Each structure stands twice: as structure tokens, then as C-alpha cells.
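Derivation of every value follows stated rules applied to the coordinates shown; laboratory data play no part. Model, not experiment: these values are computed from the prediction. Backbone-built Cβ (ideal geometry, glycine too); neighbour counts: all protein chains shown.
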Amino acid sequence: MRSLLEEVARGYDGFVELRYHNKVFRSLLVSQGRVEKSTVRHRKGVGVRVLVNGTWGFASTSDCSAPAIRAAVETASASAKASSSYRKAKIPALPATGLAVGDFAEPGVTDILERPMEEKLQLALDTESRVRAAASSIQTASCGYNEIFTEKAIVTSDGASAAFKLIRPEFRVSAVAERDGSRSSGAESIGVTGGWECLFRDPAQVLVERAAKTAVDLLDATIPEGGRSTVILSPSIVGLLVHEAVGHTVEADFVMSGSVAKGKLGTRVASDLVTLCDSGRSELASGAGGCIPVDDEGVIAGETVIIKDGLLNSYLHNRESAAHYGVAPTGNARAWEYADQPLIRMRNTYIRPGQQSLEEIIASTEDGYLLDGPRNGQADATGEFMFGVQRAYRIKNGRIGDVHRGVTLSGKAFDVLQTVDAVSNEFLWDLGSGHCGKGQPAKVDAGGPYIRCQAMLGGQQSA
Amino acid sequence: MNRPIPQHDLLELCQRGVRAALDAGADQAEVFATSHTESEASLEKNDLNQTRRVEETTFGIRVLKSGSMGFCTSNQASALTEAAREAVLLAGLSPADENNGLPSGEALQDAAPAVDPDLLDLGVPELTSLCMELLESTRSQDARLTIDSGSVSVTHGTQAIASSEGTQASFEGANAGGYLFGMCVDGEAVGSFSYDGDTVRNAADLRPRLESAFSRFVKKCAGAMDAESGESFRGSIILPPDTVQEFLIGNLLAMLGADRVRLGQSPFAQKVGESIASPLFTLVEEGPGLPEFRLAPFDREGTPRQRMPLVVDGVLQGFLSNSYEARAAQSASTGHATGGASSTPHVGPSCLSLAGGTTPLDSLSDIERGVLVTRFSGSTNPITGDFSGVIKGGFLIRDGERTPIEETTMAGNLYDCLKNISAVSSERRLINGSAYLPALRIDDVSISAS
């Protein structure tokens, strides 16, 4: 496909970006012993972007033949020409930069694709059955398996010519417990870029036990009192924090719109214990769910240090924003499917580990909570964030106590990061089964060590 | 603007798919297909971002073989036979389920297209011009306003379904809409994100409805500036129509599906005929849509859509179902199979209306102390009803006076909130053609401030 795109791109004078994207999404869902879903989705096509008179034009075609791609280029060009008089800030020609050339690969593609679907379905059936059998109070269980196969080729008229394949399998387990009219739920999931062994770095049974235990334990749990608290965040919650609270505010398109990170490069935004990065690679541990070797503009997707020792060091860029700021692009331009235009998106975002053990951090916490089990998360222009947490363990005098449920954590990103006073030496990628939403979805991952900080817990007030 | 595949040609594609699936060994087969074209002018950073033109045809093949189901979807019409074989192969892997099956269908008469020809005359140049005019007029309302993103677009689509059990139906529709997403920035002060938009069926409605939506957007953005920390108390919250939809109705509807009852997840199982909400609460699923925004007259399985009261004066009337859930519950489908060509049918509403009340909108905030929740950024567990999260762009109300607040959270239980509705506005708003909702006041919610 790469050579076909090169041939089409050669026929045009101006900037043309051609992206072939073939996605195959297989999905299994088992609940109450029934196969609720056994589906496969094929979607492929070519997305075309042109830059004419300083204005972008985009078109797409599901027909991957050369004539259809050329027709899409003409459509995109005509749209850009027709609208360019309306654009005030014309985009200058994109500066030359190191663009990817060649075929790239991520691990696990053959392993997953050649593994029979029968085996995957049987695992989902067995796992769901084990969740229901885990405790008498568990009324409902489900187990899902997804795999997203992606094949891409990206060619630009100024030198990018790259192709790659990757696979992202996901596995999730959920349980609902009920007793005396009270209900609670527990869920565990994992998603990776890689093969079967990478996906099951913890065996499925571990996920079964955790989900069931959460559902059962939360039956008797209360909602904590709301207010500002000392909190120790597990790697999954750290992942939410760095993704929602920081990552979105340093996406350069958003910075240019006026996010809270605007104008703060070089200033202190976190305690000096915090070094925060975003990478297209799986740094520090294998299998991060947001890996890409090359972004959708043909830029190699390396590591970007966003915060270094507490100082804001870099934004996340595509080629256009990098040119605006006079820096090199960071490989963060990503499109969900062929009919989507590339946007600035995170990949794998994390805080680098520190020196202390989790046990030491808990022991030195007089009054607070250990938060674990991510639910959803959102961030705001102000840097104010919110994310849901499954389990909040009370800490009193250095000891873990009762578990509470139904909590959300919120705060202003840079204010919360300034309060970080402990960073553990563990490291885990733990958000690979989710999607980030920004007009279009993106597979991302995030994680890090355990950290201790101050934030708002959303809880109950007495009447 | 190019056109989608005509509905009868799309129906013929579906019929070919059904034959291919039966030839591949399926006992029953159904093909649902959609075709659409879309033109869009998008905004970013207070300027035109790009223009976009896309078109696509997608089909989904659902097959039953020996009581097992398989599904394959593709956007490559040339892969119809291959997809049919793959769906049959998938069905062969799953255990049988006695409730699996396709509904006994019928060939529905063609419904009148929901297409305003004037909409189809809106190409990229016209959309770009309108988009930029609206950008400028919106920004002129408040100099602090910054638009992160937005768009104005037109979509023209057809859909069709055919099955081995006699189902045949097709529909054509077009709509246009737009949105703005952004905030106010004043020096170092950055306000909370806000969003608003609308979708219409008629070209004449497009500009005025977007102007209204974008005026609401300006008020939300401006209202979020100069916010102060709120107060901690238990008291009333006031939800505008769009917050009612996002916070309350979406989570409630998930539990009013017969699938959730079957799976033991709905707290409303066995409660038909019982009071689950305030007597002020009457919720109706509007089936084929409201007069202002007509929908396809059939659902994702080709079953005729019907209007269905869900909660009347606080009393639960029944659950939404598709053909599988109807068989499992030994009842008839209510015609609420939802989804597109790229997914199997699931259960859900197509359009909702919540009855208006008797309280004028402005009088909802005639309370001693409460919070107006413009947006809720939080986490809700629809199974338990527990919710907790941040109030965005909110206002503390004290004796009718509004003060913008930040870093304030609310927590409680959604199903308790239903019972604690104390006032419903007499005014209602149509939201994106799919919901017609009033504003609500709900008592006894826990508010926490830092």
C-alpha cells in the first residue's frame, strides 16, 4: 500500500498527506453464561489531507484504489481552496523535519491473530463462570475480550513513507454483588500493545479475584465524607491524573486556545519529585496500550519529557503546532480511523518512579486515603480534573483501614502536583484498556508509581 | 454535494447479503446498511481549522446458525460474501441460546424522506461562510471568549434492512448541526470549558437554532469566570435541560432496558406499577420521533417504532426491549432495538420527552440555598445509582442571588434524586432533535466545597 500512496503523492505539487488505515476489531462479550456478543468489524480506507493557500482540506474514501484516492485529493483540494479566504492565520509551509521512512512493527501481531477465536471465547466463558462462582453474593458477571488490529501506511509529499502493523488486545471482568437490597460492583481490565503473554502478565484468575472482592467488599462500604484530603494514588489513578489533569492541558492545540499551561514553559508546575513524560514507546515496562512507532503525520513517536523535576518542559505537538512554537514535532498527531483527521493526542503518559516503597509512604501517612481502581476521568481548561475511583482505603496513623466506595477525586492539576511529597519506586502501566475522547477516540495508556498528594474527595455531607 | 446510495439500491445490497449468508450456511440472516455523505467546516483556536468531505457505506450481517449468533460488519461492499462467511464462522463458535433469533418481519412501506432539499444545497463554501459568521457573532458577545473547537456540518444518509424472515425497510434523512467548545480567558484567569450546539432537519432552522445554542454557550462560558469556592451543605440542585439529559436521563435509561432486567442489574426489576420517582416526573419514549425531527419509522431490527410511556406521574410503566429481550421475557418487542450497521442491535431509546411542569423556569431558583449545575463532571454507577463528581460552571444560589463557584463537588444517589424532584419547569427545550426536556429542581443532594 505504501508504494501505491507514494505513486499517488508524486502527482501533486503542494503538500499532500495520504494515510491508509485498515482496522479489524474483534469483540467477545459473555454475561450470565450467554455469549452476548461475538462480532468482527472491518473498516478500511484512505484519509487525505492537503494544505492549500495556508488552509487544510480533508477528504476520505473507503475505495483504496489509486483513482479513488486521487479523487479524494481533488475533493480535499477543492474544499481547501473554497474556504481558504475565510482563514485568518494562514498555515505556513510545514518546516522540514525528520520523517519516518520504512516498515515498522510492534510485537504480538502474529501471536494474537493466529490464536484461534475458539480459545479466546472459551477463556471468556470460563472466566465469567469463575466470577459468578467467586462469592454467593455475586449476582451478575461479565467477561469481555477485544482485539484491535491496525495496519497503516503514511505517505507525505515532503518525505514521510512509513508502514506498520500493531495489535491491541484487551480483557475485562466485572461483577455485581447484591445483599439485602444493597448492590455494588467491581471491575478489572487490562489492555496492551502486544501479544498474549503480555496481556496476561497477571493471569485471568487474578482479575477474577480482584473484581469479585471489590464487588463484595463494597457491599458494606460507606461513602466517605467529602473534602480536602491526603491521598496516595495507585499507578492507575496516577495514570488518570497525568492523562486528564496534565496531558490534555499541554496538548499544543489546546495551549494555543488558552489552556492553563499557556505561557508556563520553564515555570514550576509540580514538586521537584515529579518528572512526567509521554511516549510512543512502552518505557520502563512492556506492553503499554498506546504505543505507536510513527504518528499519523509520519513523525517518529519518541519520548517527550513534559515536566522535568517539577518544571514545565514541553508541550505535545503535531507538525503545525511545532512550527508555530519553533520546536520539533513530538509525534503526537493521531487519527482514530481513516475518515478522521489527525489531532494532537497523548500516547503513553506517566510519572517516572522515585525512591520510596509504598509501605514506607503508607507508614508515614497520618490521616488520608489510598485510592485504587479507576473509573472515568475528565479535565477542564482550568486544569481542574475529576476522576472516579472504585476503592478508597482509609489510612489512620500509618495503617490501612476500612474501604469506602463512590468517591471522585478532583483538584487543579498543577496545584495538586505541587503537593506531591512522596513517589514510590514501583511502576505499572494500568490504563491500557480504556479510550481517550477528544472528538474522536484514541487508544492511550498511562501509569507510574504510587504518589502521595493533596486533593478534593467528592463525598457526602451530613444533613 | 454527492448523494448517499439511494435507499432502494441499499435495500438491494442488504438482500444480496442475506442470500450470501444463507448460502454460507446460516439458518437466518439479517443485513442492516447505512450510507452517508457529510460536509463540514470546523473551527480551532478562533479560526477556520479545515473543511472536510467524507462519504461511506457500511453494512452489518447478523446470522443465526443452530441457535448461535455471529456478526460481521464492513465498509467494503465488495466484501459482502466474505463478511457473510465470517459471520457464519463466528456463529459456529458460540454456544446455542434458545432465545436467539430474528424477528418475524414485514415489508414496510416507504416512509416519506426526512430531507429538506435546501439542506442538500449547503456545500463546503456555504457551510464555511455560515460557520465563520457564527464564530464572529458569537465572539463579539464577549471579548474574553476563546473557541477551542467547533463545526457546522450537513449529513445526508440512507439506511435499509432486509432479513430472511421477511423484514424489508428503508429510509432517507438529512440533518445539519453545529457546536462550539471553548471557554473565557481573561489574563491569567481561565474559565471552565463549556459546550453547546444543536441539530435540525430544516435549512431554515439552522442559523436561528445555532445562534440560540451559541448564545447559551456564551452565557455558560462567561458565567464560569471569577468563580469562588462554594459551600458544603445538603440542599437543592437545579439542572438545566442539557444537564438533565447528561446527568439524569442517560443513566436512568440504561436501567430501563429489558436487557438490564434480564442481567439482574436494573434496580427497577419487579417494580412496574410502583412509584420510582416524584409524581412530577413523566418520561415518554417518542418512538418515530417528534414532529420537528422525524426519525426512521423502524428500529435497528426493522420493527416499527412506537411511542411508549416509561414513567407516568412517577410510576414505572415498563421496559424497552428488542426482539431478543422480548423472547427472553416472553413478551413482544417494543421496537427499541438501537445501533448502527457496525454493531449488533442493542436496547435503547430513539427519542425522549420529559413532561413540563408548572413552575416558570426563573422561579426554580427561588430557594434559600442551592446550586445551579450547568455541567456535571463526575462518575455515576447506574447499577447502584451512586454518583460523585465536580460541578462545572456552577452557581451557588442564596436567596435567589447567583455566585459562580469552582472546586465544588456533589454526591448522592441518582435513584434518590428521582424521588426528590421538587419542581419541574414549564418551559422545555428540544436538544439535538432527540430529547425534549424541562429543567428540574432536586432536593437533598450533598454538596462539598474545599
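Quick look at the numbers
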{"quantity": "Reachable lysines, given that their alpha-carbon falls under 24 Å from the alpha-carbon of A:LYS152 and they are not under 8 places away in the same chain", "calculated": "A:LYS23, A:LYS44, A:LYS165, A:LYS438, A:LYS443"}
{"quantity": "Neighbour-count order for B:LYS65, A:LYS396, fewest beta carbons within 10 angstrom listed first", "calculated": "A:LYS396, B:LYS65"}
{"quantity": "Inter-centroid distance (Cα atoms) of region A:345-365 relative to region A:176-205, Å", "calculated": "22"}
{"quantity": "Antiparallel DSSP beta bridges within region A:239-389, percent to nearest 5", "calculated": "95"}
{"quantity": "Packing-based ranking, highest mean first, of A:254-261, A:383-390 given that Cβ atoms within 10 Å are counted", "calculated": "A:383-390, A:254-261"}
{"quantity": "Share antiparallel - DSSP beta bridges, the protein assembly as shown, percent rounded to 5", "calculated": "90"}
{"quantity": "Spatial separation of Cα centroids for region B:204-250 and region A:2-44, in angstrom", "calculated": "38"}
{"quantity": "Cross-link partners of A:LYS88 among lysines (Cα-Cα below 24 Å; sequence separation of 8 or more within a chain)", "calculated": "A:LYS262, B:LYS45"}
{"quantity": "Inter-chain Cβ neighbour average for residues A:76-88, partner chain, 10 Å", "calculated": "6"}
{"quantity": "Sequence-separation-based contact order of region B:1-76, relative, with Cα cut under 8 Å and 6+ spacing, percent", "calculated": "29"}
{"quantity": "Spatially proximal aspartates and glutamates relative to A:LYS396 (Cα-Cα < 13 Å; intrachain offsets below 8 disregarded)", "calculated": "A:GLU366, A:ASP367"}
{"quantity": "Estimated [θ] at 222 nm from DSSP helical runs (n ≥ 4, -39500 (n - 2.57)) normalised by residues in the protein assembly as shown, nearest 500", "calculated": "-6000 deg cm²/dmol"}
{"quantity": "Among B:GLY157, B:GLY178, B:GLY400: highest mean-square fluctuation, GNM of chain B, C-alpha pairs under 10 Å", "calculated": "B:GLY400"}
{"quantity": "Phi to ³J(HN,Hα) by Karplus 6.51 cos²θ - 1.76 cosθ + 1.60 over region B:97-112, Hz, x for Gly, Pro", "calculated": "9, 5, 8, 5, x, 9, x, 5, x, 8, 7, 7, 5, 4, 7, 4"}
{"quantity": "Mean separation of Cα contacts under 8 Å, 6 or more apart, over the residue count of region B:108-264: relative contact order %", "calculated": "21"}
{"quantity": "Trypsin sites (Lys or Arg not before Pro) within region B:243-334, DSSP loop, no more than 16 other Cβ atoms inside 10 Å", "calculated": "B:LYS271, B:ARG307"}
{"quantity": "Exposure proxy ranking, count of Cβ atoms within 10 Å, fewest first, for B:CYS351, A:CYS291", "calculated": "B:CYS351, A:CYS291"}
{"quantity": "Pairwise label distance in nanometres, B:ASP313 with B:LYS271, each label 7 Å out on the Cα-Cβ vector", "calculated": "1.9"}
{"quantity": "Relative contact order %, chain B, counting alpha carbon pairs below 8 Å whose residues are six or more apart", "calculated": "15"}
{"quantity": "Filtered trypsin sites (Lys or Arg not before Pro), region A:33-100: DSSP coil and at most 15 other beta carbons within 10 Å", "calculated": "A:LYS88, A:LYS90"}
